[in-house]
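Taking it in order: structure first as structure tokens, then the write-up.
The values are calculated or read from the model by the stated rules, or taken from the named source; none is laboratory data. Being a predicted model, the structure only gives us computed values, none of them experimental. Because the Cβ atoms are built from the backbone with ideal geometry, glycine has one as well, and the counts that use them run over all protein chains shown.
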Amino acid sequence: MRKVIDEDSIGKPSSRNAPSGLTASAASGSAWMTAQVVLNKVVTVGAMLVLARILSPADFGRANLATSVGAFISVISPFVLGDVLLSMPRRFREVAGVAFWVGVVSALVLFVLMAIAAPLVESATGKAGVAVCVMMVAFRPACDAVLVVPFAKLRIDLSYRLMSIVDVVVILSATIASIAMAWYGLGSAALIVPPIATLAIRGLVYWGFTLRDIPLRPHVQDVRPVVRRFAIASLGQYINNVLQILELLVLGWVATEAAVGFFGFAFQIATQANGIIAAQLGAVLQPIFAQMQNDPTRQVRAFLRATRLLAAVAVPISIFQAALAIPLFSLLFGSKWDGALGVFIVLSLGQAFMFVSAPAIALIKAQGRFRAYFAWQSVHLSVAVVALSFAARSGGGAALGLAGFIGLQAPPESATPLAVALASVVVWGLSTLVGVWISARPANVTWGEVFRLFRTPWIFALPGAALAFGSWFVMNLFFPPWLSSVVSLALTGPLLLIAAIALTARLEPSTHLDLVAVVRRVIRRPSIGATILRE
């Protein structure tokens, strides 16, 4: 029997109301963060349905292109200072002041650079209105600088309940504002301004709870070590940011605004589920992993156990998304977004590999291995630039041919974004495998263990997804298409998905125990059983 180590021996979180031990903290934090993100994602998806009917693909294209340009310019993003602070949890009070002022300076520099770049980007791409959108994006670094220090403090304190309540209220308000702005004809601004304003509002509220615990006077002796870590971490994160929007950057140069909009829309929809699960789990685990720095083997084993649980949920969801894409789009979006359907299917399948990237990055950052993170992301970027450029210029015909081969009638205007999506998924899938191995090296994890993390969930997810698609296809022969889609999306699909998740978890006893523990925690039963960090 595997020995259970008492998490309290690693060191207690500093929050006065923190749960006893890191195990309980992880369970509680995951439950709170997941609950608020689920609520916000439901609202976001509803808002996307409304925005998709009010705004045009060109509006989405301009907004996504401007956001991508902003990410491309943000070499020294203030938000990265949060990773630096989380990697030094026991010295937070000493370095917080330096981090704050470094963030302010970097925000000012980035604002000037984006203001200079805005008219140049519009001139180079020939897309009217992009300059104004880039100027809106230029305010994001300043909002990041407001948010980053108090946000890091609350994460170190594991104050997930407080953050969840604040985020629910603020993000819900921003979503309503997006719809209102779109309704009054503000176009791309409805997609850009509210999310950026959300960062500043959250930061101001967080400051209200943490100001007395954050000394803002910088210590001169800490400037050099903080700036050095910030520089290395920024380079790694910058490359990751570019990778997140590289497809849109490539499409922005070679494709129409509508094509960019098709890809951006499909990406936003395809990543919603994993955004709820993987990204939030990574955010919860990073400060907890940071408190395990003295025991790297246990740290990595906890990561692997968390990843097995995550895979049991994320892989089936991703595959089912792809299987039910046709009824989803036909029921909710109509012919206006036909060009995004094939892209959505490809990106959904890609999420079955990419789900683990956020926890892997969280582990590497918690380990303070910013150089390894930079090297991994640099290789990924080099390969991606070549693959995506080739796909965008020469892969459209092959992409349409592949779509036709599997029975998907993709419109011609979707050729380029579909080719880029295919190339992106291949590159990201390979990179994710490498990233998991790199993050787990301190515990001498083998490639066999890495592959098993991905292989097992596909065993039940693929047949279940095929059955869900087949049942929809058969129902279409006897019932109206809208009724078949409703039944598939609301009944047969979810039931088969739950069965696939349950059967996947059954293959690994620890994963089954962890899944039961999470479910019990969510429904607020007294016992939480085993958890993802019991290693």
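So the values come out like this:
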{"item": "So Leu204, is it more than 28 Å from Ala47 (Cβ to Cβ) and in a helix (DSSP H, G or I)", "result": "no"}
{"item": "Filter result (surrounded by fewer than 24 Cβ atoms within 10 Å (Cβ to Cβ) and either more than 20 Å from the chain's Cα centre (by Cα) or on the phi > 0 side of the Ramachandran plot (or both)) within region 77-93", "result": "Ser87, Met88, Pro89, Arg90, Arg91, Phe92, Arg93"}
{"item": "Matching residues in region 429-465 - criterion: being hydrophobic (A, V, I, L, M, F, W, C), touching a residue at least 60 places away in the same chain (Cβ under 8 Å) and more than 13 Å from Phe353 (Cβ to Cβ)", "result": "Ile438, Ala440, Ala443, Val445, Phe460, Leu462, Ala465"}
{"item": "Residue check for Ala403: touching a residue at least 60 places away in the same chain (Cβ under 8 Å) and either out of contact with any strand residue (DSSP E or B) (no Cβ under 9 Å at 6 or more places or on another chain) or farther than 30 Å from Val250 by Cβ (or both)", "result": "yes"}
{"item": "Subset of region 237-279 that is modelled with pLDDT under 80 and not in a helix (DSSP H, G or I) - its residue that is farthest from Ile54 (Cα to Cα)", "result": "Ala255"}
{"item": "All positions within region 367-414 that are basic (Lys, Arg) and more than 30 Å from Leu85 (Cβ to Cβ)", "result": "Arg393"}
{"item": "Check on Val226, farther than 30 Å from Gly396 by Cα, buried (at least 19 other Cβ atoms within 10 Å of the Cβ) and over 22 Å from the mean Cα position of the chain (by Cα)", "result": "yes"}
{"item": "Residue within region 437-453 that is buried (at least 17 other Cβ atoms within 10 Å of the Cβ) and either under 19 Å from Ile317 (Cα atoms) or among the charged types (D, E, K, R) (or both) present", "result": "yes"}
